[in-house]
1. Quick one: is Tyr105 assigned to a loop (DSSP other than H, G, I, E, B) and touching a Pro at 6+ places or on another chain (Cβ under 8 Å)?
2. Has the range 37-44 got any residue that is assigned to a helix (DSSP H, G or I), modelled with pLDDT of 95 or more and out of contact with any helix residue (DSSP H, G or I) (no Cβ under 7 Å at 6 or more places or on another chain)?
3. Scan the range 164-184 and report the pairs whose first residue is part of a helix (DSSP H, G or I) and whose second residue is of a type in the set (S, T, N, Q) and loosely packed, with under 14 Cβ neighbours inside 10 Å, with Cβ atoms within less than 6 Å and a gap of 6+ or a chain change.
4. Got a number for residues in the range 45-82 being outside any loop (DSSP other than H, G, I, E, B) and over 18 Å from the mean Cα position of the chain (by Cα)?
5. Can you name every residue in the range 132-170 that is of a type outside the set (A, V, I, L, M) and under 16 Å from the mean Cα position of the chain (by Cα)?
6. Report, by residue number, each residue of the range 137-158 that is under 20 Å from Ile10 (Cα atoms) and either polar (S, T, N, Q) or not in a strand (DSSP E or B) (or both).
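The values are calculated or read from the model by the stated rules, or taken from the named source; none is laboratory data. Quick caveat, the model's predicted, so the values are computed rather than measured. Heads up, the Cβs are rebuilt from the backbone with ideal geometry, glycines too, and the neighbour counts pull from every protein chain shown.
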Amino acid sequence: MSDAKLRVGIVIGSTRPGRKAVDVANWVLNIARSRGDAEYELVDIAAFSLPLLDEPVPPSMGKYQKDHTKAWAEKVGSLDAFIFVTPEYNHGTSAALKNAIDFVYAEWNNKSAGFVGYGATGATRAIEHLRGYMGEVQIADVRAQVGLNLADDFEQWTTFKPRPQHEAVLGTLLDQLIGWGTALKAAYRK
């Protein structure tokens with residue numbers, strides 16, 4: 001295995017106007033970068049302008065035809081691990097994030113993922129949905145997760161002000177993510 005640090009994408013899992021995901025993702029990025037144990041970057045699915053899945057061939061075949069799919073596949077393929085920042089909409093993750101996951105397949109395989117969610121109940125249901133998706137695209141998801149509550153971690157439900165205890169949980173998530181990401185990279189991408 002190369003001595004290069006893991007490349008971790010912090011996936012902004014909402015495209016909604018006024019979304020809180022960008023603020024949450026920047027909080028994750030700042031804490032993660034202070035560790036110095038990996039290369040971290042924001043990956044905003046909105047920047048890829050993915051329509052509803054429009055590839056004529058199943059993603060598992062890897063025969064992408066659309067330019068937006070090829071760009072998304074290149075970005076996902078360039079990363080070793082992911083932190084998905086997800087809102088909870090109607091007891092699940094955003095349709096935009098689910099769609100982005102569905103667009104590609106092999107580029108996700110044998111990597112690790114963690115979850116940071118926000119919503120009225122800490123996005124626990126959205127994260128549980130994401131865990132099921134991860135198994136299907138062959139991502140090892142870590143146990144630790146950060147659940148941010150709109151009433152307690154956002155002033156007047158709008159301005160992101162996370163409670164201090166979340167930083168320790170994020171640290172555990174990052175420890176697990178780097179551990180699994182390193183092991184999977186050594187086993188599958190030498």
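1. When the stated conditions are applied, Tyr105 passes them.
2. Step one: filter the range 37-44 for residues assigned to a helix (DSSP H, G or I), giving none.
Looking for residues that are assigned to a helix (DSSP H, G or I), modelled with pLDDT of 95 or more and out of contact with any helix residue (DSSP H, G or I) (no Cβ under 7 Å at 6 or more places or on another chain), one finds none in the range 37-44, hence no.
3. Listed pairs, sorted by first residue: none to list.
4. Here is the first cut: in the range 45-82, the ones outside any loop (DSSP other than H, G, I, E, B) are 45-48, 59-61, 67-77, 81-82.
Restricting the remaining residues to those that are over 18 Å from the mean Cα position of the chain (by Cα) gives 59-61, 67-68, 70.
The total comes to 6.
5. Applying the first criterion (of a type outside the set (A, V, I, L, M)) to the range 132-170 yields 132-133, 135-136, 138, 141, 143, 145, 147, 149, 152-167.
The answer is Gly132, Tyr133, Gly135, Glu136, Gln138, Asp141, Arg143, Gln145, Gly147.
6. Matches in the range 137-158: Val137, Gln138, Gln145, Asn149, Asp153.
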